[in-house]
1. Looking at Thr356, is it of a type outside the set (D, E, K, R), part of a helix (DSSP H, G or I) and within 15 Å of Lys207 (Cα to Cα)?
2. Are any of the residues in segment 119-133 within 16 Å of the ligand (Cβ to nearest atom), under 22 Å from the mean Cα position of the chain (by Cα) and closer than 22 Å to Lys57 by Cβ?
3. Would you check if there is a residue in segment 322-330 being outside any helix (DSSP H, G or I) and in contact with a strand residue (DSSP E or B) (Cβ under 6 Å, 6 or more places away or on another chain)?
4. Output the strands (runs of 3 or more DSSP E) that fall wholly within segment 96-200 and possess 2 or more residues being touching a residue at least 40 places away in the same chain (Cβ under 8 Å), or say none.
5. So in segment 272-290, with the set limited to residues that are in contact with an Asp or Glu (Cβ under 8 Å, 6 or more places away or on another chain) and not acidic (Asp, Glu), which one is surrounded by the most Cβ atoms within 10 Å (Cβ to Cβ)?
6. Of all residues in segment 216-237, which are away from the ligand (no atom under 16 Å from the Cβ), surrounded by fewer than 18 Cβ atoms within 10 Å (Cβ to Cβ) and not in a loop (DSSP other than H, G, I, E, B)?
7. Of everything in segment 46-74, what is more than 30 Å from Ile208 (Cβ to Cβ) and open to solvent by 70 Å² or more (accessible area, probe 1.4 Å)? Give them in sequence order.
8. Looking at segment 359-377, which of its residues are under 25 Å from Ile293 (Cβ atoms), without any contact (Cβ under 8 Å) to a residue 40 or more places away in the chain and open to solvent by 20 Å² or more (accessible area, probe 1.4 Å)?
Amino acid sequence: MKEKVLQKFEELFGSADGVNVYFAPGRVNMIGEHTDYNGGHVFPCALTIGTYMAARKRDDRKLCFYSMNFEKSGILESSIDGIKPEESAEWTNYPKGVMWAFAGRGFLMDCGLDIVIYGNIPAGSGLSSSASLEVVTGYMLKDLYGFAVSNIDIALIGQYSENNFNGMNCGIMDQFASAMGKKDNAIFLNTADLSYEYAPLVLDGAKILITNSNVKHKLVDSKYNERRSECETALKELQEVVGINTLGDLTEEQFETYQSAIQDEIRRRRAKHAVYENQRTIRAVEALKKKDIALFGELMNASHVSLRDDYEVSCEEIDVLAEEAWKIDGVIGSRITGGGFGGCTVSIVKDEAVDTFIARVGTAYKKRTGIEADFYVVDIGDGPSRL
Ligand code: GLA
């Protein structure tokens, strides 16, 4: 992959002398969905697929971007001065947002860049291609300009730019997973204070399988932002009756005691999901530590049901994938992963059932939806690096 981007770089910019190539991964979340902006826990891991970036400083203040995923756009040019979101800037609004967010923290670039990127995360799959692009940009800036930031800072800057430059009110999970990934480990992150621990996710006799529904429904970002504000309102209503900072502060029992303070039935279900999903995530990690993988799987399934019924971020296609997976012997757990409204499911499947899973779920999905699903057996990788 490194050679591929370097070759493109040379083709576009004359030579590849002095070019550095960077990589940042995408992520899959095992459990803890829509909890990260509710002060709850998440349990994602970095993948070995992600975004590659070749970059070299220029001797003027221009920015020249090229993506091997959007070849038709050609080289998109702008400047390090006056960076602002622009529709015509297309995908470069992501790296530019990160540069803008660095500048806002006093980290000023003194010259422009030539950049070539290539991403091997399937488009629209919900495996965090945008977070990986933000993190690879932050990591490159740190390395090339000597900006003194940690990988956690890079994650926070990425989230800040996505929220304030690109208008997507995401939580910290995706950027954190990409920036802090560790091979063979998932990250148990408490989003209330960013404390975290790594938990080995080496499954004896089982694999992590991602199934791509190959659908992405419209208005994902606006529905996401809507869920977020529903939870904020529910929190305010609960704060009238109980002293909490986030929905993640509540146990299930406490939620049941106070839930009548939430004035609206839909909001009550949204908040219920946030509270119960957080507790499920804590329990799932405990189960994993005790090697009780069966319980981990049951909690994954329960997570799906809650996202489908209470949080309403699933969709017909994704529900078909989960239902068909649950029918198969050797499937330990299966659920929607990521923001929702399409994208992927994540499943834990016994080694001997992987082929059956792919054949049966693939056929049933095609029959019921007319769409071809894609399957990836996943390796858990490290965070960003210079290659
Ligand atoms: C998207 C967001 C994350 C998180 C998930 C849902 O991936 O970017 O911050 O909220 O959805 O868990």
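The values are calculated or read from the model by the stated rules, or taken from the named source; none is laboratory data. Source: prediction; values computed, not measured. Backbone-built Cβ (ideal geometry, glycine too); neighbour counts: all protein chains shown. The area values use the complete protein model at the heavy-atom level, side chains included, leaving out ligands, DNA and RNA. Shrake-Rupley method; radii C 1.70, N 1.55, O 1.52, S 1.80 Å.
1. yes
2. The answer is yes; a qualifying residue exists.
3. The first filter runs over segment 322-330 and keeps only residues outside any helix (DSSP H, G or I), leaving 327-330.
Checking which are in contact with a strand residue (DSSP E or B) (Cβ under 6 Å, 6 or more places away or on another chain) leaves us with 330.
Yes, the conditions are met somewhere in segment 322-330.
4. Details: elements: 113-119, 185-190, 195-200.
Ranges flagged: 113-119, 185-190.
5. At the first step, the residues of segment 272-290 found to be in contact with an Asp or Glu (Cβ under 8 Å, 6 or more places away or on another chain) are 272-273, 275-277, 279.
Filter once more, so that each one left must be not acidic (Asp, Glu): 272-273, 275-276, 279.
Details: Lys272: 22, His273: 28, Val275: 26, Tyr276: 20, Gln279: 19.
Checked segment 272-290; the qualifying residue surrounded by the most Cβ atoms within 10 Å (Cβ to Cβ) is His273.
6. The answer is Thr233, Lys236.
7. Lys57, Asp59, Arg61, Lys62, Glu71, Lys72 - these are the residues of segment 46-74 that are more than 30 Å from Ile208 (Cβ to Cβ) and open to solvent by 70 Å² or more (accessible area, probe 1.4 Å).
8. Once the filter is applied, which keeps residues that are under 25 Å from Ile293 (Cβ atoms), without any contact (Cβ under 8 Å) to a residue 40 or more places away in the chain and open to solvent by 20 Å² or more (accessible area, probe 1.4 Å), segment 359-377 yields Ala359, Arg360.
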